[in-house]
Amino acid sequence: KASAAYQQQKKEATSVGRQYSFDTIVGKSPAIQAAIALAQKVSATEVPVLLTGETGTGKEVFAQSIHQHSSRKGKSFVAINCSSFSRDLLESEMFGHKAGAFTGALKETKGLFEEASGGTIFLDEIGDLELSCQVKLLRVLQDQTFEVLGDSRPRKVDIRVVSATNRDLRSMVADRTFREDLFYRINLITVHLPALRERREDIPLLARYFADKQSEVNGLPRVEFSSDAQTYLSRLPFLGNIRELKNLVERTILVSG
């Protein structure tokens, strides 16, 4: 299972990172434009960036865009969802393991941090990271070294870290479920992505974008939105944010097409 999970992560790591740039982010509202301006400004630096916002607000799109506008553009962009693994598996996937490090570890496996060397690593849902992994991550951020499971020799890595969370890390620090030293390491620059209900003027633009993409992919005629449809969309709460709007538009087109 560990091997299958690693191979899937590795496959995803090679397929993302070149899909998005700031030019592909749809929206003219002041809230999203402010987020874009700050993210663009820090892209050229090497500082860690923390992306905050509700689920579905586009944090991975921003992470990829930061990578694409950095000096690491031609290198790897590796995404890790910190909530997808158990503690032991996550540590193995992040830092790799030697043969025999644990039951089922039949050969040495390179971790995703090593895969990302020279490029950017995106730690999604970092608030779900186990405390033991937080310690190792802090070390990587401090001196760019880590240890492979089953090997005490430190290894050097050159990575830029972009993190994301939909949780309140300050409260987690107060509750001692998130390390304070790690918190201050990852949020040197924080870019907050607004919820869709905070940028309702962008809903028609996003709906148009997703509709055109869906029509293009499936060879369907261009869809026009009636005034009733526009009004309906503008009033929805969109608790799932952009992801929910995207699914709604695409599903409606496919069902009615």
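The values are calculated or read from the model by the stated rules, or taken from the named source; none is laboratory data. Bear in mind the structure is a predicted one, so any value in this text is a computation, not a measurement. Every residue, glycine among them, receives a Cβ derived from its backbone with ideal geometry; neighbour counts consider all protein chains shown. SASA here: full protein model, heavy atoms, side chains in, ligands and nucleic acids out. Shrake-Rupley method; radii C 1.70, N 1.55, O 1.52, S 1.80 Å.
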**Item:** Any hit, the stretch 101-118, residues being aromatic (F, W, Y), modelled with pLDDT of 90 or more and in contact with a Leu (Cβ under 8 Å, 6 or more places away or on another chain)
**Value:** no
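Listed here are the residues, each with its yes/no results for (1) more than 22 Å from the chain's Cα centre (by Cα); (2) small (G, A, S); (3) surrounded by 14 or more Cβ atoms within 10 Å (Cβ to Cβ); (4) modelled with pLDDT of 95 or more.
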site: E147; (1), (2), (3), (4): yes, no, yes, no
site: R155; (1), (2), (3), (4): yes, no, yes, no
site: R160; (1), (2), (3), (4): no, no, yes, no
site: R176; (1), (2), (3), (4): yes, no, no, yes
site: E180; (1), (2), (3), (4): no, no, no, yes
site: V191; (1), (2), (3), (4): no, no, yes, yes
**Exclusive hit being part of a helix (DSSP H, G or I) and either within 30 Å of L131 (Cα to Cα) or touching a residue at least 60 places away in the same chain (Cβ under 8 Å) (or both), set R185, R208, R197, R167** = R185
**Residue tally, condition open to solvent by 80 Å² or more (accessible area, probe 1.4 Å), within 22 Å of T57 (Cα to Cα) and among the aliphatic types (A, V, I, L, M), over the stretch 210-257** = 1
**Asked** In the stretch 55-75, which residue that is open to solvent by 50 Å² or more (accessible area, probe 1.4 Å) and out of contact with any Lys or Arg (no Cβ under 8 Å at 6 or more places or on another chain) is modelled with the lowest pLDDT?
**Response** G74
**Request:** Kindly indicate whether A34 is part of a helix (DSSP H, G or I), open to solvent by 50 Å² or more (accessible area, probe 1.4 Å), at pLDDT 95 or above and over 23 Å from R153 (Cβ atoms).
**Result:** yes
**Prompt:** How many residues does the stretch 112-138 contain that are over 18 Å from K75 (Cβ atoms), open to solvent by 20 Å² or more (accessible area, probe 1.4 Å) and touching a residue at least 60 places away in the same chain (Cβ under 8 Å)?
**Reply:** 1
**Request:** With respect to L141, determine if the residue is part of a helix (DSSP H, G or I), touching a residue at least 60 places away in the same chain (Cβ under 8 Å), touching a Leu at 6+ places or on another chain (Cβ under 8 Å) and closer than 15 Å to D181 by Cβ.
**Result:** yes
**Prompt:** Of the residues in the stretch 37-65, how many are part of a helix (DSSP H, G or I), small (G, A, S) and farther than 16 Å from A79 by Cβ?
**Reply:** 3
**Item:** Tally, over the stretch 82-96, of residues that are farther than 17 Å from S163 by Cα, at pLDDT 75 or above, surrounded by fewer than 21 Cβ atoms within 10 Å (Cβ to Cβ) and in contact with a Leu (Cβ under 9 Å, 6 or more places away or on another chain)
**Value:** 0
**Which listed residue, of A79, A99, is over 16 Å from V161 (Cβ atoms) and not in a helix (DSSP H, G or I)** = A99
